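Novice: Sharing a structure with you now.
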Amino acid sequence: MTDNTATPSSSSSPYTIAKFGGTSVANYSAMEKCADIILKQKSVRVVVLSASAGVTNLLIELAAGTEPTQREALLSQVRDIEYAIINQLSQPEIISQEINRLLENIEMLSEAAALATSDALTDELVSHGELMSTLLFVELLREKGIQADWFDVRKVMKTNDLFCHAEPDMVQLTELTQSLIQPRLEETVIVTQGFIGQEPKGRTTTLGRGGSDYTAALIGEALGMSRVDIWTDVPGIYSTDPRIVPEAHRIDQIAFDEAAEMATFGAKILHPATLLPAVRSGIPVFVGSSKAPEEGGTLVCAQTENPPVFRAIALRRKQTLLTLHSLKMLHARGFLAEIFTILSRHHISVDVITTSEVSIALTLDTTGTTNSSGSLLTNALLTELSALCRVEVEEDLALVAVIGNSLSQVNGLGIKIFGTLEDYNIRMISHGASTHNLCLLVDGKDADNIVRKLHDTLF
């Protein structure tokens, strides 16, 4: 592979960690391509996998509770995906027993979910996708002559008990990773699961959708790796989603802070949290396509030469706008503090905020968790807020973010952006808090056209 510019960091380890997403381990031939990357890149000593493409969604559906006939149909789809890989192994009998045991587990848990659902049950059920993909991949690596060992990530990924979006305990993670994984790197490739962890009572948790990237970055940081490689189905990070704008171009090098803004505001290529460990430790992150590793990819690093004013446009769908009105705000102190205390109690994180004298508007991102209900606005939360103020909720909005450098110092930025969008209603604007972004909240159905227009104007 032509490794485009990926340079080791100042860390102590010569090794790298590779994460392969769901499409990269979707079937046997996709897994083979991942194995080839590991064969070619001898520095890869830890591999983090997602579940095979489609499996997590099927398991989330089962966790929501289903009728027997639908349940059987979903279980058979999961079974088919796993067995399509098993049947192409030269010695399927070695692993089929273990996979069958996990499939039986899934069946039992989905029957339990049909009686009563819970976030803890969802996490337990959904974790099976990663457990199966990693078992199969170890077998495939061994058939290719690679010394590989399966490792249960829950032994090191200790988290709190916020099911569906748990937070890792960094101190435990670092200590356990260094004692349980580090000594084995000389002689074997460690294959482990992304996305899942374990809370203090021993129950399985998940880190939220996209948590596999985060897992790889955290373990990479704990082991002082020289690079984190994120292998996906696109060869790098683009100026916007190529599915919306086919003319979008690849960015060969991008700084951490620009990439963090892109990830936060919806560029699906990197999970927002992935970059935290990388930034903390100065570990470069490489993003490439496992289907075409020879095409190179994007290197995310501490700084780049001559960064452009406009770098990319990111889009995040399924946004909720919460507008809170109260005359108590007028010349009052402590109202905002009260609001944020309530939101914090309900584990709600707020993205974009605008305020007036008597109202406050907040956007909430509903895309981050594994629970299937989709809405973060529970009745308990709305009741508590309503006691303080009048609450308005608007759903199905989209957040479009223009990502760049020193945007708060660019003259004429307003006319350039808003002149382009004169035909569209812009529900909310946020600019000035970061020099790297300008955010627009727009109607969900207009989002694609707005991204196209902005990309045409700015690039």
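Novice: Evaluated at 10 °C with a viscosity of 1.306 mPa s, what Stokes-Einstein diffusion coefficient in µm²/s does segment 279-324 have when Rh comes from the Kirkwood expression over alpha-carbon pairs?
Specialist: Estimated via Stokes-Einstein, D reaches 109 µm²/s.
Novice: Compute the relative contact order of segment 1-141 as a whole-number percentage, counting only Cα pairs closer than 8 Å that sit 6 or more residues apart in sequence.
Specialist: RCO, segment 1-141: 30 percent.
Novice: Further, regarding this structure: Sort the following peptides by mean Cβ neighbour count (other Cβ atoms within 10 Å, averaged over residues), highest first: 251-263, 408-420.
Specialist: In descending order of packing, they fall as 251-263, 408-420.
Novice: Restricting to Cα pairs below 8 Å that are 6+ residues apart, what does the relative contact order work out to for segment 120-184? Please round to a whole percent.
Specialist: 26
Novice: In whole Hz, with x marking every Gly and Pro, tabulate ³J(HN,Hα) for segment 388-405 from phi via Karplus 6.51 cos²θ - 1.76 cosθ + 1.60, θ = phi - 60°.
Specialist: So the Karplus estimates, Gly and Pro as x, are 9, 7, 7, 10, 10, 10, 10, 10, 6, 9, 9, 9, 9, 10, 8, 9, x, 10 Hz.
Novice: What are the lysines whose alpha-carbon lies under 24 Å from the alpha-carbon of LYS19, with same-chain residues fewer than 8 places away excluded?
Specialist: Partners within reach: LYS33, LYS40, LYS42, LYS144, LYS155, LYS158, LYS268, LYS291.
Novice: Between segment 334-353 and segment 187-209, how many Å separate their Cα centres?
Specialist: 30
Novice: Limiting things to C-alpha atoms, what are the Rg and the maximum Cα-Cα separation (Dmax) for segment 226-304, in angstroms?
Specialist: Rg, Dmax (Cα atoms, Å): 11.7, 35.
Novice: Report the Cα-based extents of segment 18-212 along its three principal axes, largest first, to the nearest Å.
Specialist: Dimensions of segment 18-212 along the principal axes of its Cα atoms: 48, 41, 24 Å.
Novice: Take every DSSP beta bridge with both residues inside the chain and express the antiparallel ones as a percent of the total, to the nearest 5.
Specialist: 65
Novice: Now for a separate question. Name the long-range amide H neighbours of GLU167: under 5 Å, sequence gap of 5 or more, or other chain; modelled H, no Pro or chain starts.
Specialist: Close amide H contacts, sequence-distant or interchain: ASN160, LEU162.
Novice: Can you give the FRET efficiency to the nearest 0.05 for GLU32 and HIS347, using r as the Cβ-Cβ distance and R₀ = 60 Å?
Specialist: Computed FRET efficiency for GLU32 and HIS347: 0.90.
Novice: Sort largest first and round to whole Å: the equivalent ellipsoid semi-axes of the chain, each the square root of five times a Cα gyration tensor eigenvalue.
Specialist: 37, 28, 21
Novice: May I ask for the angle, rounded to the nearest 10°, between helix 93-115 and the longest principal axis of the chain, with both axes built from Cα atoms and the value confined to 0 to 90°?
Specialist: 40
Novice: A follow-up question, please. Helix 211-222 against the longest principal axis of the chain: what's the angle in degrees, Cα atoms only, rounded to the nearest 10?
Specialist: Tilt relative to the chain: about 70 degrees.
Novice: Which whole number in µm²/s is D for segment 375-459 by Stokes-Einstein, with the Kirkwood Rh taken over Cα pairs at 10 °C and 1.306 mPa s?
Specialist: The estimated diffusion coefficient comes to 107 µm²/s.
Novice: Using alpha carbons only, what's the Rg to Rh ratio of segment 157-241 with Rh from Kirkwood?
Specialist: 1.01
Novice: Right, another one. Going highest first, how would you order 20-31, 446-457, 97-108 by mean Cβ packing within 10 Å?
Specialist: So the order, starting with the most tightly packed, is 20-31, 446-457, 97-108.
Novice: Considering the Cα trace of segment 311-458, what is its radius of gyration and what is Dmax, both in angstroms?
Specialist: Values for segment 311-458 (Cα only, Rg and Dmax): 16.5, 46 Å.
Novice: Could you please report the charge total around THR174, scoring K, R as +1 and D, E as -1 over all other residues with beta-carbon less than 13 angstrom from its beta-carbon?
Specialist: Its environment carries a net charge of -1.
Novice: In whole Hz, what ³J(HN,Hα) sequence does segment 442-459 give by Karplus (6.51, -1.76, 1.60; θ = phi - 60°), x for Gly and Pro?
Specialist: Taking θ as phi minus 60°, the curve returns 9, 5, x, 6, 8, 4, 4, 5, 5, 4, 4, 4, 5, 5, 4, 6, 8, 10 Hz for segment 442-459.
Novice: Amide H to amide H under 5 Å from GLN193: which residues, 5+ apart in sequence or cross-chain, H placed 1.01 Å off N in plane?
Specialist: LEU49, VAL153
Novice: Once the Cα atoms of helix 128-143 and of the chain are each reduced to a long axis, what angle between those two axes, in degrees from 0 to 90 to the nearest 10, is obtained?
Specialist: Helix 128-143 and the main axis of the chain meet at about 40 degrees.
No lab work stands behind these numbers, since they all come straight from the coordinates. All values derive from a computational prediction rather than experimental measurement. Every residue, glycine among them, receives a Cβ derived from its backbone with ideal geometry; neighbour counts consider all protein chains shown.
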